[in-house]
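Report on the structure given below.
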Amino acid sequence: MTQVDFQDDGSGNPVLSNRDFEQAEFSDLTVMPPQGKIATVENVKFINCRVSPGTCVMTSDVVLDNVVFSNLDCGDALKISSEATLRRVVVAGESPSSLVVQPEFEDDFVVRPPEDIDFQLDVSEFSGSVCIVGLSGSLIRKDSNRHVVVKSSWKNEVDWKTLGIGPFSYWRIFLKKLSVFNVPEGVLSLPPSTDKHYSETIDEMSRMEGAGVCFT
């Protein structure tokens with residue numbers, strides 16, 4: 001079992017830098033620094049690694065800088081707090097089955113993108129489902145065929161009744177999640193073609209686009 005050995009920066013802040021983990025197995029990959037401290041993971045790659053029996057969670061007060069998670073088998077989801085600082089983070093491959101990025105608490109959340117950066121998160125080569133709340137859609141690299149930006153303003157701007165789209169649709173359920181955290185937008189992956197709600201979701205998307213909704 002591989003150990004992730006953080007170093008102390010001299011002020012009690014854990015730092016993991018300049019490491020490539022390939023085909024490594026971890027019992028747990030949760031990064032949660034002590035209260036009042038900042039954990040930094042920089043220039044690190046996790047390639048074809050496995051986490052068992054634990055999972056992979058990046059909490060608030062974590063800085064992810066130039067980090068790659070590719071085919072990370074860590075259970076049902078890789079979870080990253082929107083309150084973490086993300087700079088050029090890449091999630092790619094077929095594992096895990098989903099990526100969830102959202103604030104840790106249901107409260108008003110202020111999106112504060114890092115300055116002078118081309119992207120925060122790249123999911124363009126990730127085939128799992130994506131649910132991202134609390135990051136700016138413009139700083140997320142996406143696959144335009146699978147990932148869409150959803151605006152919280154649609155809740156009131158779209159005439160759902162006229163479009164025949166009910167409150168339990170794929171789109172409106174995600175809008176409710178955005179409203180819970182009071183964020184302006186989020187990024188969502190379309191369901192796979194094998195999903196029983198796929199045809200309905202794509203049909204609703206088409207109706208919304210016909211009404212002037214833009215998903216980019």
Could you state how much accessible area Thr30 has, in square angstrom rounded to the nearest 10, with a 1.4 Å probe and all protein chains kept in place? 60
Sort by residue number and name the cysteines in the chain that have no neighbouring cysteine Cβ under 4.7 Å. Cys49, Cys131, Cys214
Using only the Cα atoms of the range 125-202, build the gyration tensor, take square roots of its eigenvalues as a ≥ b ≥ c, and label the shape rounded, prolate or oblate: rounded if a/c is under 1.5, else prolate if a/b is larger than b/c, else oblate. oblate
Given a 10 angstrom Cα cut-off, can you work out which residue in Pro184, Pro103, Pro34 is the most mobile in a GNM of the chain? Pro34
Given a 1.4 Å probe and heavy atoms of the protein chains only, how would you sort Met1, Met208, largest accessible area at the top? Met1, Met208
Report the relative contact order of the chain, percent, no decimals, based on alpha-carbon pairs under 8 angstrom and at least 6 residues apart. 13
Under the Karplus curve 6.51 cos²θ - 1.76 cosθ + 1.60, θ = phi - 60°, whole-Hz ³J(HN,Hα) for the range 190-204, x wherever Gly or Pro sits: 5, x, x, 5, 7, 5, 5, 9, 4, 4, 5, 5, 5, 5, 5
Which residues qualify? For Thr40, with a placed amide H closer than 5 Å and at least 5 residues away or on another chain, they are Val15, Leu16, Val63
Expressed in square angstrom to the nearest 10, the accessible area of Glu125 with a 1.4 Å probe stands at 130
From highest to lowest solvent-accessible area (probe 1.4 Å; ligands, DNA and RNA excluded), Lys45, Lys37, Lys161 read Lys161, Lys45, Lys37
In the Gaussian network model of the chain, springs joining C-alpha atoms below 10 Å, which of Asp76, Asp116, Asp159 carries the largest mean-square fluctuation? Asp116
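Only helical DSSP H runs with n ≥ 4 go in: add -39500 (n - 2.57) per run for the chain, normalise by residue count and round the 222 nm mean residue ellipticity to 500 deg cm²/dmol.
-4000 deg cm²/dmol
If you take every residue apart from Asp61 with its C-beta less than 10 Å away from the C-beta of Asp61, what net charge results, scoring Lys and Arg +1 and Asp and Glu -1?
Details: positive: Lys37; negative: Glu83.
Result for the local shell: 0.
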Name the residues whose placed amide hydrogens come within less than 5 Å of the amide hydrogen of Ala92, ignoring near sequence neighbours (fewer than 5 apart) on the same chain. Phe69, Ser70, Asn71
What is the Cα centroid distance between the range 155-216 and the range 78-153, reported in whole angstrom? 18
Everything considered on the Cα gyration tensor (a ≥ b ≥ c; rounded for a/c under 1.5, else prolate if a/b is larger than b/c, else oblate), the range 73-135 must be described as oblate
Using a simple charge model, +1 on the beta-carbon of Lys and Arg, -1 on the beta-carbon of Asp and Glu, nothing else, what dipole does the chain show about its Cα centre, in debye to the nearest 20? 580
Close Lys-Lys pairs in the chain, where close means Cα under 28 Å and separation is 8 or more or interchain: 27
Per-residue accessible area, 1.4 Å probe, largest first, puts Glu22, Glu200 in the order Glu22, Glu200
Mind checking Rg over Rh on the chain, alpha carbons, Kirkwood formula for Rh? 1.00
Relative contact order of the range 69-118, pairs being alpha-carbon contacts under 8 Å that are 6 or more residues apart, as %: 44
Cβ-based net charge around Ser81, under 12 Å, with every Lys or Arg adding one and every Asp or Glu removing one: -2
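The values are calculated or read from the model by the stated rules, or taken from the named source; none is laboratory data. Treat the numbers as computed from the prediction; the structure is a model and nothing was measured. Backbone-built Cβ (ideal geometry, glycine too); neighbour counts: all protein chains shown. Calculation scope for accessible area: heavy atoms of the full protein, side chains included, ligands and nucleic acids excluded. Shrake-Rupley method; radii C 1.70, N 1.55, O 1.52, S 1.80 Å.
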